[in-house]
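*Asks:* Structure incoming, see below.
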Amino acid sequence: MQRSQIINAMCTQPALRLADMREITCIGITAIQTQPDKLIQKNYMECREKDVSWRVSVPH
């Protein structure tokens with residue numbers, strides 16, 4: 001559940017700050033901060049080193 005809420009928030013509002021994401025998803029900041037590593041491991045997202053942006057992949 002947390003994973004889909006975070007992915008949805010990142011896709012719909014890519015410039016969100018942690019505090020904004022917490023309010024939208026009702027997930028604690030610590031939980032949000034641990035999710036990127038998990039999402040990267042599962043190939044849901046990747047960080048582009050060139051411009052320090054995130055690429056989010058939504059599984060079908």
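The values are calculated or read from the model by the stated rules, or taken from the named source; none is laboratory data. Owing to the predicted nature of the structure, the values given are computational and were not obtained by experimental measurement. Quick reminder, even Gly has a Cβ in these numbers, built from the backbone with ideal geometry, and neighbours come from all protein chains shown. In case anyone asks, the SASA skips ligands and DNA or RNA and just uses the protein heavy atoms, side chains included. Shrake-Rupley method; radii C 1.70, N 1.55, O 1.52, S 1.80 Å.
*Asks:* List every residue pair whose Cβ atoms sit under 8 Å apart, with the two residues 6 or more apart in sequence or on different chains, where the first one lies in segment 27-50 and is free of Cβ contacts under 8 Å to residues at least 24 places away in the same chain and the second, anywhere, is of a type in the set (D, E, K, R) and not in a helix (DSSP H, G or I).
*Replies:* ILE40/GLU46; GLU46/ARG55; CYS47/ARG55; ARG48/ARG55
*Asks:* Do you know which of the residues in segment 1-21 that are out of contact with any strand residue (DSSP E or B) (no Cβ under 8 Å at 6 or more places or on another chain), assigned to a loop (DSSP other than H, G, I, E, B) and of a type outside the set (Gly, Ala, Ser) is nearest to SER57 (Cα to Cα)? Before you say what the answer is, go through the steps one by one.
*Replies:* In the first step, residues of segment 1-21 are kept if they are out of contact with any strand residue (DSSP E or B) (no Cβ under 8 Å at 6 or more places or on another chain); the result is 1-6, 8-9, 12-13, 15-21.
Subset that is assigned to a loop (DSSP other than H, G, I, E, B): 1, 13, 15-17.
Applying the additional criterion that residues be of a type outside the set (Gly, Ala, Ser) yields 1, 13, 16-17.
Numbers: MET1: 16, GLN13: 15, LEU16: 17, ARG17: 20 Å.
Residue satisfying both the conditions and the ranking: GLN13.
*Asks:* Can you name the residue in segment 1-21 that is free of Cβ contacts under 8 Å to residues at least 12 places away in the same chain and open to solvent by 100 Å² or more (accessible area, probe 1.4 Å) and is also farthest from ARG55 (Cα to Cα) among such residues? I'd like the intermediate steps shown before the answer.
*Replies:* Filtering segment 1-21 for residues free of Cβ contacts under 8 Å to residues at least 12 places away in the same chain gives 1, 4, 8, 12-13, 15-17, 19-20.
From what is left, the residues that are open to solvent by 100 Å² or more (accessible area, probe 1.4 Å) are 1, 17.
Values: MET1: 20, ARG17: 16 Å.
Per the stated criteria, the residue is MET1.
*Asks:* If you check ILE24 against the conditions, is it open to solvent by less than 40 Å² (accessible area, probe 1.4 Å) and either modelled with pLDDT under 85 or assigned to a helix (DSSP H, G or I) (or both)?
*Replies:* Numbers: open to solvent by less than 40 Å² (accessible area, probe 1.4 Å): no; either modelled with pLDDT under 85 or assigned to a helix (DSSP H, G or I) (or both): yes.
It is false that ILE24 is open to solvent by less than 40 Å² (accessible area, probe 1.4 Å) and either modelled with pLDDT under 85 or assigned to a helix (DSSP H, G or I) (or both).
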